[in-house]
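Structure first, commentary second.
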Amino acid sequence: MHADNHNLYAALRAAFPADLEATAIETADTATPLFYSWRDLERGTAMLANLIDSLALPPASRIAVQTEKSVEALMLYLAVLRAGHVFLPLNTAYQASEIEYFIGNAEPAVVVCAGKNFGWVSKLAFLAGTKHVYTLNEDRTGTLLDRAAFQGDTHTPAQRGADDLAAILYTSGTTGRSKGAMLTHGNLLSNAQVLHQAWGWQRSDMLIHALPIFHVHGLFVASHGALLAGAKMLWFSRFEPRAVAARLPEATVFMGVPTLYVRLLGEAALTPAACSGMRLFVSGSAPLLLETFKAWQVRTGHTILERYGMSETVMLTSNPYRPEAARRGGTVGPALPGVGVRVHGDQGQPLPPGDIGGVEVRGPNVFKGYWRMPEKTKEEFTADGWFKTGDVGKLDAQGYLTIVGRSKDLIISGGYNVYPAEIEGYVNDMPGVAESAVIGVPHPDFGEAVVAVVVPKPAATLDGSAISAALKQQIANFKVPKQVYVVDELPRNTMGKVQKNLLREQHKALFLR
């Protein structure tokens with residue numbers, strides 16, 4: 001391998017421990033545990049990379065993958081990097097019309113899907129001109145592994161520059177069609193190295209990996225973190241709170257979305273003793289309620305580290321690793337080393353600490369642009385080269401960032417700006433409230449009206465008009481919801497994010513009678 005090869009796989013491979021027979025990944029929820037050594041990862045990814053090479057694909061071909069989570073699926077990702085092509089992970093919840101769009105837009109040379117979906121996925125792929133469709137199942141079966149079994153088990157990583165594409169991640173399109181964020185080998189490696197330092201990764205760590213691997217958090221932050229440290233992973237194909245809680249005593253690092261922390265708090269096995277060996281609990285992908293943050297401290301003696309990132313940028317900010325007391329609930333911490341974060345007003349003017357505005361970022365982790373969307377890419381960057389995240393937030397005097405919502409979630413009612421996260425904070429503090437979502441819907445007089453959708457805690461009874469009355473004592477009248485709905489649960493995507501677009505759609509005709 002040339003010293004100037006920026007192939008991300010080559011950098012991860014260089015971090016493997018000297019003892020390649022040591023366990024790299026242990027499966028936690030297969031019928032019997034499977035133990036993958038570092039040599040298994042090296043050989044398995046080599047055979048898959050050789051299979052990809054044997055197809056003689058055009059340079060930087062896209063390889064689209066929609067499979068259930070498995071160690072072999074992770075190996076496929078590493079093999080695509082190794083072979084120098086572009087990995088395109090697809091959410092397992094996507095349906096035919098969505099997959100048809102992604103295949104049409106990305107024009108992948110290879111598609112890998114679950115065996116049960118082969119009939120309809122292969123039809124869409126072949127119609128779009130994809131030449132190769134393989135299957136990969138969570139039980140280590142499928143045509144991909146059958147074909148790779150005949151390949152050699154050594155492979156020299158393809159020569160790649162830092163600016164060459166490594167992956168395309170489609171962002172969940174809450175407005176219009178999904179956009180493909182193009183991430184380079186340099187974007188991903190620089191971020192993995194920064195987090196390695198910032199979070200104190202060490203070879204002796206054991207990561208509980210219970211996140212999906214079709215998005216930034218599970219595929220990049222968690223997997224790269226362990227691989228770059230040469231640390232072991234305990235691999236769950238899906239999150240099951242009781243099973244995860246039972247393995248906490250062996251682990252040192254856990255990464256989750258807020259929903260996972262809420263569900264773990266429901267387990268009697270979550271005790272300070274069970275967490276005594278834990279070094280770090282990380283939360284991201286959606287806002288962590290202050291109540292969960294505090295409940296976790298009380299139950300475990302540990303403070304969750306909340307961080308902030310997105311598909312286009314990987315990680316941007318993080319609460320401090322040490323001292324633990326410097327982690328602040330309700331914030332996502334200061335900018336990571338090498339990353340710039342600023343807050344600007346509607347006219348592009350810099351805002352003083354404490355003022356709410358658009359969050360803009362820059363750094364070696366910021367993506368190359370949107371796939372085949374040069375105009376959209378240009379729109380999303382400022383004249384001086386900062387990426388407009390679409391998030392609304394504020395920085396305090398110490399540089400800690402607080403996210404108050406998405407700019408597209410901003411409600412303009414009677415000419416006043418209403419930030420849903422602010423109102424949700426008040427509602428969530430009320431007795432008997434588990435969580436809430438505040439949205440804007442069309443209104444003939446005000447342009448938009450504020451509506452709250454509230455979920456009660458188990459055994460609690462809530463009254464919408466009582467919630468509105470209580471809010472009138474706490475916040476300006478224009479912010480008080482015109483209607484409060486009490487429901488059993490909020491609609492969420494697979495990452496645990498509340499799907500406000502579905503709520504807006506559901507209630508859009510409320511005031512237009």
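Within region 8-238, antiparallel bridges make up roughly 30 percent of the DSSP beta bridges whose residues both belong there. Between ARG242 and ALA469, the contour length at 0.36 nm per residue exceeds the alpha carbon distance by 77.8 nm. Charge dipole (Cα centre; +1 on Lys/Arg Cβ, -1 on Asp/Glu Cβ; no other charges) of region 8-238 amounts to roughly 360 debye.
Using a Förster distance of 45 Å, how high is the FRET efficiency between GLU375 and THR143, based on the Cβ-Cβ distance and rounded to 0.05?
0.70
Each part reduced to its alpha carbon centroid, region 180-194 and region 244-259 end up 26 Å apart. From the coordinates of this entry, semi-axes √(5λ) of the Cα gyration tensor in Å is computed, and it appears in [x] 38, 26, 23; [y] 33, 31, 20; [z] 49, 23, 21 under the label [x].
So for VAL359, VAL433, fewest C-beta neighbours within 10 Å to most, what's the order? Walk me through the intermediate numbers first.
Working: VAL359 29, VAL433 20.
Ordered by Cβ neighbours within 10 Å, fewest first: VAL433, VAL359.
Each of SER178, SER97, SER407 was scored by other Cβ atoms within 10 Å of its Cβ. Listed from fewest to most, they are SER97, SER407, SER178.
In region 332-406, taking the dipole from charged Cβ atoms about the Cα centre, the farthest positive-side position among LEU395, LEU336, GLY357 is held by LEU336. Helical runs (DSSP H, four residues minimum) scored at -39500 (n - 2.57) apiece and divided by the length of the chain put the mean residue ellipticity at 222 nm at -8000 deg cm²/dmol.
Summing Cβ point charges (Lys, Arg +1; Asp, Glu -1) relative to the Cα centre of region 332-406 gives a dipole of roughly 280 debye. If both residues of a DSSP beta bridge must be in the chain, then about 60% of such bridges are antiparallel. For a paramagnetic label modelled on LEU127 (point 7 Å from Cα along Cα→Cβ), amide N atoms under 13 Å away belong, within region 74-114, to 96-104. Each of ASP463, ASP4 has some number of other Cβ atoms within 10 Å of its Cβ, and from fewest to most they run ASP4, ASP463. Cα centroid separation, region 392-458 to region 325-359: 18 Å.
Here, each number is a calculation from the coordinates, and none is a lab measurement. If you're wondering where the values come from, they're calculated on a predicted model, not measured in any experiment. Glycine gets a Cβ as well: all are built from the backbone with ideal geometry, and neighbour counts include every protein chain shown.
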